Amino acid sequence: MDRDKLAIPKHIAIIMDGNGRWAKERGKIRLEGHRAGAASLEKILRYAGEIGVKYLTVYAFSTENWKRPQKEVNGLMDLFGKYLDKEKKNLKKQGVKLVVTGEKENISPKLLKKIEDTQKFLEDCEKITFNISNQKYVKSYSKINFDENNYLKNIMTLRRINLDERFSNIGKTLKKDNWFSSSGFRTYASNSFLTSEQYYSAAYLQYPLYNLKMSFYEKVCAIGFIIAHEFAHNFDPNGILYDENNNKNLILSKDEYREYKKLIKSLKKQIDNYRIKDKTPFRGKIQICEVMSDLIAFKVILKALKEGGYTSKEDIENIIDRFAKTFACTQSVDSLLKNSNSCHPPQEVRVNLVLSNIDDFYDIFDVQPQDKMYVASEDRCRIWPN
């Protein structure tokens, strides 16, 4: 195949796993497997730079690796140090910038110094960035017997293991740096007795949600809103029930919670009033968490931008316009019907529900009682921030 016709990825990530098993199958010591893995990695790095890959990330050490016999761990560290000594000049010629991220407390001061010196030596290189990630909580599934002929069985095995792990953590101190997500391209927040986490995919950091050339307010209204939305789930009707330690413990007083439930009721009613072609209703009961998080998030970014000087009529109109464009898409009737039973309402409904509860929207666009998006002032959901 013609290389010029291939779509070259900007970033490739590799999990270094199986070196020990490779060596064992050939009757060699485990360290020989790591040497063979390092040799393969050298070839991959060289080729990746040649074809135009800009970033190569290698997950080199997980929690399991540090549990290996001390002799093997020392051998790995020694192998890395010798690699830096031997290949430093070659990396320079190849235009490789070195980045080492993650946990470093187990790395010896001598090796740390060698890493820092190599990074400084290569800091001007721009052809490809070689990121060696030493993550503490990268999971290892090396002890699981996978069936290469039964995909469904493997998926169910992984789900059972992950679910067992979650249940085993009930009642224990929450590990805030332990991640459960297997998602590649989405953002979400989860608050329950099993887990409390917020996940933001780096894949979102591209246009139309993010671009270096976008103005500040555009970034805030796009990727800023997405981040604020996930944070806001801590205050939706489900998240509000859990405290900072992931225990089911309402963080509001009884009087505050009574007022909060009135706001929920008001917003549910608004959701229920929406129809698909004036027939199929939406369901506020199952969509309230997403809509409430949307509303809180928009009020957060609006308040932040106002405090930052975006206060003119034109500023507010631009903020509302850019917020709406974040959700811009075309959805078929079939898609809308599916959304009626989803926790996420259709994009148009999400935008309209938020703006219908924002006083600035009425002032800027002169919304009147006869307009479809009009909600009486006393019926608007006035959730914080004010």
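Out of all the residues in the range 240-262, is one or more farther than 16 Å from residue 383 by Cα, outside any helix (DSSP H, G or I) and in contact with a helix residue (DSSP H, G or I) (Cβ under 7 Å, 6 or more places away or on another chain)?
So far as the range 240-262 goes, yes, one or more of its residues are farther than 16 Å from residue 383 by Cα, outside any helix (DSSP H, G or I) and in contact with a helix residue (DSSP H, G or I) (Cβ under 7 Å, 6 or more places away or on another chain).
Just checking, how many residues over the range 329-344 are touching a residue at least 24 places away in the same chain (Cβ under 8 Å) and under 16 Å from residue 225 (Cβ atoms)?
Total satisfying the criteria: 1.
Going through the range 298-316 one residue at a time, which ones are assigned to a helix (DSSP H, G or I) and in contact (Cβ under 8 Å) with a residue 24 or more places away in the chain? Break it down stepwise before answering.
Residues of the range 298-316 assigned to a helix (DSSP H, G or I): 298-307, 313-316.
Result: 298, 299, 300, 301, 302, 303, 304, 305, 313, 315, 316.
Scan the range 18-29 and report the pairs whose first residue is assigned by TED's automatic domain parsing to the domain that holds residue 58 and whose second residue is loosely packed, with under 13 Cβ neighbours inside 10 Å, with Cβ atoms within less than 9 Å and a gap of 6+ or a chain change.
That search, which allows pairs on different chains as well, returns 18/142; 20/142; 21/142.
Quick test for you: out of 71, 136, pick the one residue that is part of a helix (DSSP H, G or I), modelled with pLDDT under 90 and under 30 Å from residue 25 (Cα atoms).
Values: 136 fails: part of a helix (DSSP H, G or I).
So the residue among 71, 136 that is part of a helix (DSSP H, G or I), modelled with pLDDT under 90 and under 30 Å from residue 25 (Cα atoms) is 71.
If a residue must be of a type in the set (Asp, Glu), assigned to a helix (DSSP H, G or I) and farther than 19 Å from residue 306 by Cβ, how many such residues does the range 199-239 contain?
Adding up the residues that qualify gives 1.
Scan the range 87-106 residue by residue and report those that are surrounded by fewer than 17 Cβ atoms within 10 Å (Cβ to Cβ) and either outside the structural domain of residue 58 (by TED's automatic domain parsing) or part of a loop (DSSP other than H, G, I, E, B) (or both).
95, 103, 104, 105, 106
Could you please give the count of residues in the range 348-386 that are more than 18 Å from residue 323 (Cβ to Cβ) and either among the charged types (D, E, K, R) or in a loop (DSSP other than H, G, I, E, B) (or both)?
Total satisfying the criteria: 13.
The values are calculated or read from the model by the stated rules, or taken from the named source; none is laboratory data. Given the structure is predicted, the values throughout are model-derived calculations rather than measurements. So basically every Cβ, Gly included, is an ideal-geometry build from the backbone, and we count neighbours across all protein chains shown.
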